[in-house]
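Novice: Provided herewith is a single structure, encoded as structure tokens, for subsequent inquiry.
The values are calculated or read from the model by the stated rules, or taken from the named source; none is laboratory data. Note that the structure is a prediction, hence the values are computed from the model and not measured. We place every Cβ from the backbone using ideal geometry, glycine too, and count neighbours over all the protein chains shown. What goes into the accessible areas is simple: the full protein's heavy atoms, side chains included, and nothing from ligands, DNA or RNA. Shrake-Rupley method; radii C 1.70, N 1.55, O 1.52, S 1.80 Å.
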Amino acid sequence: MQHPNFETRHPLQQEEQETGYDPLQNYNRNRDRGSLDSTVESTLQSYRKEWDDLFQDSNYLARIRQAGINGRLRSSRFRSVCWKVYLDVLPEDKTQWISRTKELRAQYEKIKETHITNPRKAAGKQDLVVNNPLSQDEGSLWNKFFQDKELRSMIKQDVLRTFPEMLFFQEEDVRTKLTDILFCYARENEQLLYKQGMHELLAPIVFVLHCDHQAFQHASETANPSEEMKVLLDPKFHEHDAYAMFSLLMETAEPWFSSFEREVRKGKEEMLTSIPFARPQDLGPSVAIVTKVNRIQDQLVKKHDIELYMHLNRLEIAPQIYGIRWVRLLFGREFPLQDLLVVWDALFADSITLDLVDYVFVAMLLYIRDALIASNFQTCLGLLMHYPPIGDIHSLLLKALFLRDPKNNPRPVNYQFQQNLDYYKTRGADFVNKTRASTKVAPLNINKVSSSLLNFGRKLIAPMGGGSSGISPINSEVISALPPQAQVPRPLAEPPSCTTPTNTQMKSQPYPQTQHQHRLLKSESMPQPQLK
Amino acid sequence: MQNNRKEHLYKILVIGDLGVGKTSIIKRYVHQTYSTNYRATIGVDFALKVLNWDSETVRLQLWDIAGQERFGNMTRVYYREAMGAFIVFDVTRPTTFEAVSKWKEDLDSKLTLSNGQSIATVLLANKCDQKRDFLTNNSLKMDQYCKENGFVGWFETSARENININEAANFLVKHIIASENDILKSVVPDTISPQLNSDKEMTCSYWLSLD
């Protein structure tokens with residue numbers, strides 16, 4: 001494997017670099033000297049200070065919400081605590097944090113005990129006529145055992161396919177945790193059970209908790225952390241806390257996984273027109289997710305970009321073709337993990353109802369709208385189903401906020417295609433050298449840029465070369481040709497609050513290959529020759 | 001250079017239960033690669049493959065539909081205008097074979113060609129590398145099953161070992177072209193008849209002439 005250091009370092013270490021500060025490096029250096037000097041103290045203090053900055057204020061909730069929305073948690077070591085507050089795992093009243101945490105952990109302990117039972121252990125006390133492996137009795141513990149086995153293997157099948165590019169998710173104990181949590185959730189929610197995609201909502205939560213635990217352990221080795229930190233960031237309860245966060249997230253996301261169909265209520269106007277000109281997606285009953293993505297396209301896209309709306313309709317691109325995955329996974333396949341976490345920071349911080357999802361959805365469409373409008377059915381599908389890399393995630397979020405509430409949010413600069421200009425200009429074998437050398441971003445030519453994005457879309461779907469084996473890479477080939485995204489120069493109009501790494505900072509990366517790995521996370525199925 | 005090659009575009013569905021290897025089959029066919037690292041398909045995905053077919057060009061649009069999506073109305077949108085389908089099962093898991101007839105029913109109930117026929121469908125017994133005796137034990141039964149359930153044929157396949165993937169695809173394309181010719185013959189020019197399943201240019205495929 002190419003990242004021998006991955007597990008011994010703080011997983012978000014590269015992010016620490018962005019702020020010019022690396023607690024672990026200091027820690028290691030000091031341990032070599034065998035002494036506890038001022039650097040360590042400052043490390044610890046800054047760990048404490050980071051906590052205080054986030055949670056000390058009496059008005060802390062508004063502040064951490066703002067931090068999440070503005071992308072300021074990107075390198076935070078308390079992201080999981082913020083998420084817990086956003087998701088209502090922790091109450092607003094901080095004095096209840098410890099008791100609430102203990103309560104939820106005890107609850108999970110009980111849930112797990114109830115659902116993950118071994119019939120051999122339990123069967124001793126039971127009637128053998130009902131409880132034997134060949135029993136047809138529905139209430140038989142053995143019947144439950146076999147059903148559980150089936151459910152478990154279905155979950156396991158997806159857990160094994162979770163973020164396959166990341167070593168963290170290849171670890172057996174991580175996989176067991178994911179499986180157990182999803183299994184317990186399914187048993188606690190018999191109507192919904194397990195649905196594909198839930199695993200990719202859980203995985204980032206598990207990862208974020210792990211990162212914070214790592215940071216906590218490094219900080220706590222040198223001095224005494226506060227009681228709150230000790231309880232909240234106790235790695236022993238990784239699984240418990242992940243379950244609590246996941247199930248609260250699912251309270252909002254659940255309808256998007258439900259396969260329960262119902263007739264869509266239609267407005268008067270729609271009733272009058274929908275029959276003669278019904279599109280296929282309008283026929284028959286519908287599941288909640290389909291209703292949702294259609295509302296987004298039919299109402300929000302229509303409102304904000306009528307031309308794009310008409311174009312998609314003309315091509316008969318139903319939003320459930322691309323939008324179901326976008327919404328269900330909260331854009332988990334559309335962005336690399338480090339950016340995805342920033343998107344989730346904002347989604348969760350904004351509201352537990354995840355109201356912002358619809359507007360991020362629209363902002364994503366608008367980002368590629370010129371390319372879509374100039375494209376045919378196939379190219380459009382290529383762009384939508386294999387969303388092009390986006391350089392500045394924060395601009396996208398600002399756009400989403402502006403779309404939802406233009407009065408109270410500043411109009412963001414038009415950031416469309418800027419990153420792609422740089423990407424295409426520098427594409428090639430000497431990509432890295434070129435980007436590192438160019439500190440200035442060339443003047444933009446929007447027309448040229450959008451045509452380069454168009455080419456990207458065409459490459460996604462067009463056949464390569466001539467021969468009979470001509471293939472059109474939609475996924476692996478194109479993605480694998482992409483340079484690491486972080487190395488794309490920043491756009492000109494970068495909001496100051498965004499902490500996207502700059503080129504100069506990238507140069508000082510001690511582990512460039514790790515960074516590369518992170519940036520490849522976007523690919524959902526890229527061939528990994530280096531991973532054996 | 002004049003190039004008067006005729007082009008066909010066919011939409012092909014790849015369906016079947018969870019984890020039977022639909023994505024792997026498509027990746028093998030389109031990219032000539034195999035990996036155990038594919039993520040679960042959520043909703044639907046698609047890929048393109050271009051073939052030289054006699055003197056013509058055939059573009060295949062392969063729609064990879066998540067195993068979970070069989071339930072309900074959702075597949076209707078994914079199925080539309082498809083001209084052929086693979087239904088895939090995993091020879092190591094009998095339940096995935098039991099689901100084959102459900103997938104076939106779902107497909108036939110939501111999609112027919114303009115002449116009322118169901119679309120050409122090939123059954124794939126995938127992961128045959130993990131169960132070598134499948135063919136010897138089941139060959140006759142499978143022939144019978146295909147006849148009874150309206151499959152044009154079946155193949156045992158392995159995306160991992162690259163067994164029969166190209167053969168199955170060529171077989172399906174041959175049937176698609178045949179059924180398309182049937183439809184074209186039966187179309188009376190200059191009349192418009194409303195068809196729920198074909199609202200694009202005569203049939204479900206596009207005919208293009210490249211100059």
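Novice: Can you tell me the dipole magnitude for chain B around its Cα centre, using point charges on the Cβ only (Lys, Arg +1; Asp, Glu -1), in Debye to the nearest 20?
Specialist: 460
Novice: Continuing with the same structure: When all alpha-carbon pairs of the stretch A:178-236 are counted, what percent fall beyond 18 Å?
Specialist: 49
Novice: Shifting gears a bit: Among residues other than A:TRP256 whose Cβ falls under 13 Å from its Cβ, what is the net charge (Lys/Arg +1, Asp/Glu -1)?
Specialist: Around A:TRP256, the surrounding residues sum to +1.
Novice: Run lengths n ≥ 4 of DSSP H only: what is the helix-derived mean residue ellipticity at 222 nm for chain B, with -39500 (n - 2.57) per run over all residues, to the nearest 500?
Specialist: The per-residue figure over chain B is -10500 deg cm²/dmol.
Novice: Can you tell me the FRET efficiency between A:GLN217 and B:GLN130 if r is taken as the Cβ-Cβ distance and R0 is 45 Å, rounded to the nearest 0.05?
Specialist: It comes to 0.60.
Novice: Okay, next question. What residue among B:VAL77, B:VAL44, B:VAL88 shows peak mean-square fluctuation when chain B is described by a Gaussian network model with Cα springs under 10 Å?
Specialist: B:VAL77
Novice: In addition: Could you give the alpha-carbon Rg of the stretch B:7-187 over 2.2 N^0.38 Å, rounded to two decimals?
Specialist: Normalised Rg, Cα atoms only: 0.97.
Novice: State, as an integer percentage, the relative contact order of chain B based on alpha-carbon contacts under 8 Å between residues 6 or more apart.
Specialist: Working: 376 pairs, mean separation 56.8, N = 211.
Taking the mean separation of contacting Cα pairs over the length of chain B, I get 27 percent.
Novice: Roughly how big is the A-B contact, given as buried accessible area in Å² (both sides, 1.4 Å probe, nearest 100)?
Specialist: Numbers: alone 24490 and 11320 Å², together 31660 Å².
So the total buried area for this chain pair works out to about 4100 Å².
Novice: Using a basic spin-label model with each label point 7 Å from the Cα along Cα→Cβ, how many nm lie between A:GLU307 and B:ASN115?
Specialist: 4.4
Novice: Note down the net charge around A:ASP350, summing +1 for each Lys or Arg and -1 for each Asp or Glu among other residues with Cβ under 12 Å from its Cβ.
Specialist: Once all neighbours under 12 Å are counted, the net charge is -2.
Novice: Then there's this: Count of lysine pairs in the stretch B:7-187 with Cα atoms under 19 Å apart, counting only pairs 8 or more residues apart in sequence or on different chains?
Specialist: Eligible lysine pairs with Cα atoms under 19 Å apart amount to 23.
Novice: Right, next: Could you check the simple spin-label distance between B:GLU56 and B:LYS147, using points 7 Å along Cα→Cβ, in nm with one decimal?
Specialist: 3.0
Novice: Normalised by the empirical 2.2 N^0.38 Å for globular proteins, what value does the Cα Rg of the stretch A:295-417 take?
Specialist: Details: Rg = 13.6 Å, N = 123, 2.2 N^0.38 = 13.7 Å.
Its radius of gyration relative to the 2.2 N^0.38 Å reference: 0.99.
Novice: Same structure, new question: Once R0 is set to 41 Å, what does the formula 1/(1 + (r/R0)^6) return for the Cβ-Cβ distance between B:SER139 and A:GLU190, expressed as a FRET efficiency to the nearest 0.05?
Specialist: 0.50
Novice: Would you tally the net charge around B:LYS102, using a Cβ to Cβ cut-off of less than 13 Å, leaving B:LYS102 out, and scoring K and R as +1, D and E as -1?
Specialist: -3
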